[in-house]
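Novice: First the structure, which I've put down as structure tokens, then a few questions once you've had a look.
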Amino acid sequence: MDQKKLYGQWNLWEEFVGYPMMIYYWIKGEKIQKLLQRRVKKAQQKSSKIVLNEKIKDEFLIKYEKLDNFFSFHFKDIDESRNHNFEEKIQYCLDQYKKESNRLLSSSNLMKLQGNFLKGAETTLFLYFALKHKTNREISLSDIMIGDNSSKIFLAFLKDKKFIDENHNLLVDQKSSFIRIHRFLKDNHIINPDFQDTTIIEAMENEYNTNFDKGTFSRAITVKPNDFEENIYQELSKLLNIKY
């Protein structure tokens, strides 16, 4: 996390304001756990009032991807793991907050950290709850592709080429080539370029019922396409009106 973005410019006068506030929180103030619980409940209540249509869902997905605050930095990281429940993810973020706060000597920075942590939690969890609880399904290829029929055309193409079966299960062993085909679509704005690779990986895993680890994905997109892949790109260009 960028320290300048988190704390901003240090000013001496802020220390005189920060110390009384810090003493207040030590003596009478509520613990960070309770303050965070309030933000979690507030985010849940706010998200429950959202009517999530396709347009708003796409906007929320992009906003969630672009979040860059102390809480979202750690929450999105741990959220990729399927081995932790929500409470454990929240505890992980609290642990990261405590580690950061324990190394700070500046009272003003402690106040900034707490404010950014709680504000970031509410913003992050509002989008998280809205997307998780309203869609009631995992993200798929159609969620990240631009155009109403793009995903249908592409999936039909993959079935015809025997890349996937009728249930969208992946049939080929060459995952690297398969990954590069999807990168081709992202580079040509058929897959929305605003989505990070982690989201694309998640959509591919859900769509094709298989795993694509980050390492394989990262290595695959750095390799030049072979002749077979070039032919695939040309066929897709005609189907999806890509200038290639």
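The values are calculated or read from the model by the stated rules, or taken from the named source; none is laboratory data. Since this is a predicted model, take the numbers as computed values, not measurements. Every residue, glycine among them, receives a Cβ derived from its backbone with ideal geometry; neighbour counts consider all protein chains shown.
Novice: So which residues in region 95-111 are at pLDDT 85 or above and surrounded by fewer than 18 Cβ atoms within 10 Å (Cβ to Cβ)?
Specialist: D95, K98, K99
Novice: Now a separate question. State whether the residues of region 167-178 include one that is under 18 Å from the mean Cα position of the chain (by Cα), at pLDDT below 90 and more than 30 Å from N241 (Cβ to Cβ).
Specialist: No.
Novice: Kindly indicate the residue of region 137-151 that is part of a helix (DSSP H, G or I) and within 22 Å of the chain's Cα centre (by Cα) and also surrounded by the fewest Cβ atoms within 10 Å (Cβ to Cβ) among those meeting that condition.
Specialist: So, considering only residues that are part of a helix (DSSP H, G or I) and within 22 Å of the chain's Cα centre (by Cα), the one surrounded by the fewest Cβ atoms within 10 Å (Cβ to Cβ) is S142.
Novice: While we're on this one: Looking at region 165-197, which of the residues that are of a type outside the set (A, V, I, L, M, F, W, C) and closer than 15 Å to S140 by Cβ is surrounded by the most Cβ atoms within 10 Å (Cβ to Cβ)? Full working, then the answer.
Specialist: Residues of region 165-197 that are of a type outside the set (A, V, I, L, M, F, W, C), as a first pass: 165-169, 173-177, 180, 182-183, 186-189, 192-194, 196-197.
Going one step further and asking which of them are closer than 15 Å to S140 by Cβ, we end up with 167-169, 182, 192.
On the way: N167: 7, H168: 17, N169: 11, H182: 24, N192: 19.
It comes out as H182.
Novice: Which condition breaks for E87 when tested against (1) more than 13 Å from the chain's Cα centre (by Cα); (2) surrounded by 13 or more Cβ atoms within 10 Å (Cβ to Cβ)?
Specialist: (2)
Residues checked against (1) of a type outside the set (A, V, I, L, M); (2) more than 24 Å from I78 (Cα to Cα):
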site	(1), (2)
D148	yes, yes
I181	no, yes
I201	no, no
F217	yes, no
T222	yes, yes
N226	yes, yes
E229	yes, yes
Q234	yes, yes
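Novice: Hey, another quick one. Kindly state which helices (runs of 4 or more DSSP H) lie completely within region 1-81 and contain at least 1 residues that are modelled with pLDDT under 60 and either within 16 Å of Q114 (Cα to Cα) or outside the structural domain of T124 (by TED's automatic domain parsing) (or both).
Specialist: 3-7, 12-27
Novice: Those residues that are modelled with pLDDT of 90 or more, among the charged types (D, E, K, R) and touching a helix residue (DSSP H, G or I) at 6+ places or on another chain (Cβ under 8 Å), I need them from region 198-232; list them, please.
Specialist: E207, R219, E229
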